[in-house]
Structure formats: C-alpha cells, structure tokens
Amino acid sequence: MADRPCIIVTGCSSGIGAYCAGALRNDGWRVFATVRKPADLVPLEKAGIEALLMDYTDGPSITALVQEVERRTGGRIDALFNNGAYGQPGAVEDLPTEALRRQFETNVFGWHELTRQIVPLMRRQGHGRIVQCSSILGILPYRFRGAYTASKYAIEGLSLTLRMELEGSGIHVSLIEPGPIESRFTANALTHIRKNIDLEGSVHAEEYKRQLARLDGTGPVNRHKLGPEAVYVALKHALTAGRPRPHYLVTTPARQGALLKRLLPADLFYKLMRSLS
Ligand SMILES: NC(=O)c1ccc[n+]([C@@H]2O[C@H](COP(=O)([O-])OP(=O)(O)OC[C@H]3O[C@@H](n4cnc5c(N)ncnc54)[C@H](OP(=O)(O)O)[C@@H]3O)[C@@H](O)[C@H]2O)c1
C-alpha cells in the first residue's frame, strides 16, 4: 500500500475524471479524486478511492486539498491530472464578460493555482507528472465556443511554457486534447448557455436553436464520440512513459483537425472550421 504511486485527479463526479479515477485505482495507483458536492464523494469512496472536496473557484479549498493529500501520503504526490472544467457556450458578442471571467476562474486560474501548489512538492521529491485535460479546442477555434476555446488556449500556453521551465527537474507536463467524449459535458454546457446567454434576443437566435438541440441530445448524433477510456489510454502513457509527449490528440476529429490546421493555408482552414461548426 505504502509504495503505490499517488495521483490527484480533479472533477471526478462524472465523465473522464470518474472513469480515470477508477481505472487508475485498478492499475495500482493511490487515487485522490476531487468533487465539489459532498454527495459525489460517496460512489468514489464505495469504489475504494480516496475522495476529497475541491472547487477550483475556491482558493482555500485548493490549499486544503493539497495539505490533506500531503498529510495522508507523508508529502508524496507523484502526479496531478487537472481535469475538472466546464464549457460556457455562446457567441463571443453575446457573452457577458462576467461569464467569460467565471470560465477562466475554473478552467484556467484554478488549474494554475493547484499546479503552483504541487510543483514545489514535486521539485523536492525530484519527480512528477502533470497532465492537463485540454481539448482539441485548445488548438483550433470553434464557433459559439469562444469562452471555452479561449480557456483551453490559455491552458495550452501556460502548460507548454511550464513544460519548458521544468526541463531537467524530473517533472513532466503533458496535454491531452480530446475531441468528442461521452460524459456530462454537453448537459452541463446546456445549463451554462441557458443561464448566461440571451438566446432569443441575439442576432444568432436561429443558430442557438441548433446549438440547444446539439447540447440537449435531440440533434444529430456525433458518430465520432468515444468513451472516456480513450482519454485514459493517453493519460496512462503520459503518466508512465519514459518520455511523455507534450500533446496527446484523442479521437479521429481531433487528429484530423490538428493535421488540417498544419496543412491548409490559414484562411482556408478557418473557412473550413466555420462550415464544420
Ligand atoms: N467531453 C468532451 O467532449 C471533452 C472534449 C475535450 C475536452 N474535455 C475536457 O475533459 C475534462 C472533463 O470533462 P468531461 O467531459 O468529463 O465533463 P463532465 O462530465 O461535465 O465532468 C466535468 C467535471 O468537472 C467538474 N467541475 C466543474 N467545475 C468545477 C470547478 N469549479 N471545480 C472543480 N471541478 C469542477 C464537474 O463537477 P460538478 O459535477 O460538480 O459540476 C465534473 O466532475 C474537461 O477539462 C473538459 O474540458 C471534454
């Protein structure tokens, strides 16, 4: 028990986080899985996972998490998987700045805060893996996803810089860039678009009808959607490979999108993205 590697996985109430926490535990890791609501602790604990409360928008909860994990492990944290996040849909011109700020509080500033608190500890132990669950939308833009796209571009920038700054420290930073994955992500995004966007009053009112159908599951089925186990394959490599990669593209649309961005002239590429989104 004592020599199991220790990992913090955030956002484990559903989707990728819940799946990866369980898979890591089965693969011999000591998993500290975070959720925001006390009720979400229960299924994780039943599965033999150490579950803790943490909300990225609540700084003291981040500090309390790190202190509690250090207390339980005697100061050892081998890996961090920043995963908990949400998508705020809506056209950029319809997006209240406050909603954009909140998107960054969770998806960027919270991740930064937790990472900053873990890095000194990893430096002391001389090794560590930091894996960021970014998105293909951290590499290319998508209409009506400006807030989320901007937050993932920010994570890409911070993480790739950190990766270079940690060179030689024994700490490796990787980004996973999934395309569509089965989870509660779109259902949660539906809540955020309804809450923060004036759907009827917008010049994009017609488009929003299509967007809502996509988010509530009544629109066309995405044939390329994979289960969270596809992300786990990449996570496992980033955590265990001798030379973890900077980028892990997951799903066919993600790989195709990244390839086309490299191959096509910029103007043509963004026209293509416009028609796809
Ligand atoms: N699903 C996709 O198609 C897809 C594609 C590319 C990238 N991703 C990325 O994958 C990661 C996981 O998303 P998912 O698809 O598994 O979605 P999900 O099922 O909605 O899970 C998101 C998790 O993040 C948590 N979370 C939300 N706000 C948080 C906050 N302020 N502090 C801490 N945790 C918070 C949620 O907790 P609550 O239940 O309390 O809200 C939930 O546990 C995200 O980083 C997302 O950007 C997803």
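Note on region 165-223: among residues that are among the acidic types (Asp, Glu) and surrounded by fewer than 20 Cβ atoms within 10 Å (Cβ to Cβ), the one that is nearest to residue 16 (Cα to Cα) is 182.
Taking the options 216, 198, name whichever one is more than 14 Å from the ligand (Cβ to nearest atom) and at pLDDT below 95. Steps first, answer last, please.
Details: 198 fails: at pLDDT below 95.
That would be 216, the only listed residue that is more than 14 Å from the ligand (Cβ to nearest atom) and at pLDDT below 95.
Among the candidates 32, 81, which residue alone is within 11 Å of the ligand (Cβ to nearest atom) and open to solvent by less than 40 Å² (accessible area, probe 1.4 Å)?
On the way: 32 fails: within 11 Å of the ligand (Cβ to nearest atom).
That would be 81, the only listed residue that is within 11 Å of the ligand (Cβ to nearest atom) and open to solvent by less than 40 Å² (accessible area, probe 1.4 Å).
Residue 149 meets all of the listed conditions (1) within 14 Å of the ligand (Cβ to nearest atom); (2) open to solvent by 40 Å² or more (accessible area, probe 1.4 Å); (3) farther than 23 Å from residue 13 by Cβ; (4) not aromatic (Phe, Trp, Tyr) but one, namely (2).
Tell me the residue from 57, 73, 10 that is modelled with pLDDT of 95 or more, polar (S, T, N, Q) and surrounded by fewer than 16 Cβ atoms within 10 Å (Cβ to Cβ), please.
Working: 73 fails: surrounded by fewer than 16 Cβ atoms within 10 Å (Cβ to Cβ); 10 fails: surrounded by fewer than 16 Cβ atoms within 10 Å (Cβ to Cβ).
Of 57, 73, 10, the one residue that is modelled with pLDDT of 95 or more, polar (S, T, N, Q) and surrounded by fewer than 16 Cβ atoms within 10 Å (Cβ to Cβ) is 57.
Which of the residues belonging to region 204-232 are assigned to a loop (DSSP other than H, G, I, E, B) and either over 30 Å from residue 81 (Cβ atoms) or in contact (Cβ under 8 Å) with a residue 24 or more places away in the chain (or both)?
If we filter region 204-232 for residues that are assigned to a loop (DSSP other than H, G, I, E, B), which is where we start, we get 204, 217-225, 227-228.
Selection gives 204, 217, 218, 219, 220, 222, 224, 225, 227, 228.
Go through the residues of region 183-195 one by one and say whether even a single one is charged (D, E, K, R), within 11 Å of the ligand (Cβ to nearest atom) and in contact with a strand residue (DSSP E or B) (Cβ under 9 Å, 6 or more places away or on another chain). No, the conditions are met nowhere in region 183-195. Note on region 84-110: residues that are in contact (Cβ under 8 Å) with a residue 60 or more places away in the chain, more than 28 Å from residue 237 (Cα to Cα) and buried (at least 17 other Cβ atoms within 10 Å of the Cβ) total 7. In region 237-257, of all residues being under 21 Å from residue 162 (Cβ atoms) and of a type in the set (Gly, Ala, Ser), the one that is surrounded by the most Cβ atoms within 10 Å (Cβ to Cβ) corresponds to 238.
The values are calculated or read from the model by the stated rules, or taken from the named source; none is laboratory data. Source: prediction; values computed, not measured. Neighbour counts are summed over all protein chains in view; Cβ atoms, including those assigned to glycine, are modelled from backbone coordinates with ideal geometry. Note: areas computed on protein heavy atoms with side chains; ligands, DNA, RNA excluded. Shrake-Rupley method; radii C 1.70, N 1.55, O 1.52, S 1.80 Å.
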